[in-house]
Amino acid sequence: MSHIRTRLLEYNMDPVQTDYLSVILMILFIVFLCIAANFLTKKVVMRVITHFITHNKFEWDDMLLERKVFHRLSHIVPAIIIYYFSPTFPDFQLLIEKGAMTYLIVVTLMVTNSFLKASNDIYLTFEISKIKPIKGYIQVVQMIIFILGGIVIIAHWLGESPFILLSGIGALSAVLLIVFRDSLLGLVAGIQLAANDMVRVGDWIEMPKYEADGDIIDISLNTVKVQNFDKTITTIPSYALISDSFKNWRGMQASGGRRIKRSLFIDTNSIKFCTEEMIEKFKTIQFLNEYITSKEREIAEHNAKNEINRNNPVNGRALTNIGVFRAYIIQYLQHHPGISKEKTLLVRQLAPTENGLPLEVYAFTNDIRWDVYETIQSDIFDHLFAVAFEFGLHLFQNPSGNDFRNMLEDNLEGMRERSSR
C-alpha cells in the first residue's frame, strides 16, 4: 500500500486524501484478486477436476464430486489471500487475521463434513453396508468435529489455548449429557444394533407401538426410518429398538417362504360318521381314493382283530367326515404348486370354541412376495370354503339379518300350509 501512496503523491495530491484513496485502491485490489482467484478455481480448476472425475473408471470420486468436496475447497483461496494481505492494514491486522482464520476453520469444517458424507455414500455401494451401516458413527464424528471446531474458533478469538477451554468442559458435562441425551442414547443403541445384527437397511419390521410396519430405509444416529406399506414414513428413535420389542421378518425373507396360519371354523353339529354312500362318494375324489382304500383296510383289520361289533357305529374305529376332510386338505396342499414341500405342513384341530371347531391350516408358501402370498392363501381358502359342504360339513357363521328373515319366511309358509289343511 505504501507503493500506491508514493505513486499518488507524485501527482501532487493532498496527503490526507492520498491516505484514504490508497486504502480504497488497496481494498479494491484485494477484492479483485479474491474474485479472480475464485473465478479461476471454480471455472478452470474445477472444470478440469470434474472432467477428470467423470471420465475415469472409478466411482468413489464421483461421490466426492456430488457432495461438493472440491467446490468447498475452492473457498479457501480467497481467505488465504485476505490473510496474506492483512499486514497491509496494521491497525486492523489482528482483526483481519482472526476473521480470515475463522473463515478458514469454517471452510475446513464444511469440507470435512462433505468428505464424511461422501465416505458414507461410498460405503453404501458395498453389500456389507446393509448389514453394518456406519451412518450413525459418521454422525458422531461430525458432531465431535463441529464441537471441536467451535472450541478452536472461540479460543482463537479469545487468544487462549483450545486445551484450556477443553479442560473446562468437564464442568459442563452434566449440561452436555442433557443436551446430547438422544445422540448418546442413539450412539449406544447403534453400537448394540450393529453388534447384535438386530436390524439392517431393507429389513421388514413391525413395531405396533410406533405404528410401523414396513421396510427400513435409513439407520442414523438418532432415528430409524421405516417406509410403511402405504408409503408413509415412520421415524423411530434408535434406542427404542433396544428398549422396546419389535418383529423383524428378515428370517422369513431369508428362508424363501412365508407362513399361512388360518383356521376354518366347523359347525360341530355337522360332524358325523361316514356312511357307505359318503365313502363311495369320497373315493371318486382324486386326492382321496388311495387314502380311503388304505384307511378302510386298516380299520377293517383293527375291528376284526379286536372282534368289535359294528352294528353300533359307536363301537370300534370308523371314518368321520371331518377326518376325511382333514386328509383331503393335506393332500390338496401337498399338490398345490404354491406351497413349499420342504417346510412344515400341518392341518390340525384346535380347542373348540363358541364359534365351532377350528381346523387350522399351517403351511408355508414358496414365494415371499406379498401379492403372490396373498393370492396363494386366498386361492386355497376359496377352494376349502367351497368344498367343505361336499363332505357334509357346515362352516360356522353368526346368523345375519338375512338368516332371520329366511327363518321367519319359512315359519310363515309353514303356518299357511297348516291353515290350508
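The values are calculated or read from the model by the stated rules, or taken from the named source; none is laboratory data. In this text, all values refer to a predicted model and were calculated from it rather than measured experimentally. In this analysis, Cβ positions are derived from the backbone assuming ideal geometry, glycine residues included, and neighbour counts consider all displayed protein chains. Side chains included, ligands, DNA and RNA excluded: accessible areas come from the protein's heavy atoms. Shrake-Rupley method; radii C 1.70, N 1.55, O 1.52, S 1.80 Å.
Out of the residues in segment 356-398 that are outside any helix (DSSP H, G or I), open to solvent by 50 Å² or more (accessible area, probe 1.4 Å) and within 12 Å of ASP267 (Cβ to Cβ), state the one that is modelled with the lowest pLDDT.
My answer is ASN398.
Going by the structure shown, is LEU345 buried (at least 16 other Cβ atoms within 10 Å of the Cβ), over 29 Å from ASN228 (Cβ atoms) and touching a Lys or Arg at 6+ places or on another chain (Cβ under 7 Å)?
So LEU345 fails the test.
To keep it simple, each residue is scored yes or no on (1) within 30 Å of LEU33 (Cα to Cα); (2) at pLDDT 80 or above; (3) in contact with a helix residue (DSSP H, G or I) (Cβ under 8 Å, 6 or more places away or on another chain).
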position: ARG67; (1), (2), (3): yes, no, yes
position: GLU97; (1), (2), (3): yes, yes, yes
position: LEU116; (1), (2), (3): no, yes, yes
position: ASN120; (1), (2), (3): no, yes, yes
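Under 6 Å between Cβ atoms, which residue pairs at least 6 apart in sequence (or on different chains) link something in segment 337-354 that is closer than 17 Å to SER263 by Cβ and touching a residue at least 40 places away in the same chain (Cβ under 8 Å) with a partner that is in a loop (DSSP other than H, G, I, E, B) and open to solvent by 80 Å² or more (accessible area, probe 1.4 Å)?
Listed pairs, sorted by first residue: none to list.
Hand me the list of helices (runs of 4 or more DSSP H) wholly inside segment 43-121 holding 3 or more residues that are in contact (Cβ under 8 Å) with a residue 24 or more places away in the chain.
60-66, 69-73, 76-84
Would you kindly identify the strands (runs of 3 or more DSSP E) lying entirely within segment 199-252 that contain at least 2 residues that are touching a strand residue (DSSP E or B) at 6+ places or on another chain (Cβ under 8 Å), more than 19 Å from LYS130 (Cβ to Cβ) and of a type in the set (Ser, Thr, Tyr)?
Per the criteria, 233-237.
Just one of the numbered conditions (1) within 15 Å of GLY257 (Cα to Cα); (2) open to solvent by 40 Å² or more (accessible area, probe 1.4 Å); (3) part of a helix (DSSP H, G or I) is not true of ARG326; which one?
Of the numbered conditions (1) within 15 Å of GLY257 (Cα to Cα); (2) open to solvent by 40 Å² or more (accessible area, probe 1.4 Å); (3) part of a helix (DSSP H, G or I), the odd one out for ARG326 is (1).
Does TYR291 satisfy the condition of being hydroxyl-bearing (Ser, Thr, Tyr), touching a helix residue (DSSP H, G or I) at 6+ places or on another chain (Cβ under 8 Å), under 22 Å from GLY356 (Cβ atoms) and part of a helix (DSSP H, G or I)?
Judged against the criteria, TYR291 is not a match.
Take VAL48 and tell me if it is at pLDDT 75 or above, under 16 Å from ASP121 (Cβ atoms) and of a type in the set (Val, Ile, Thr).
Judged against the criteria, VAL48 is not a match.
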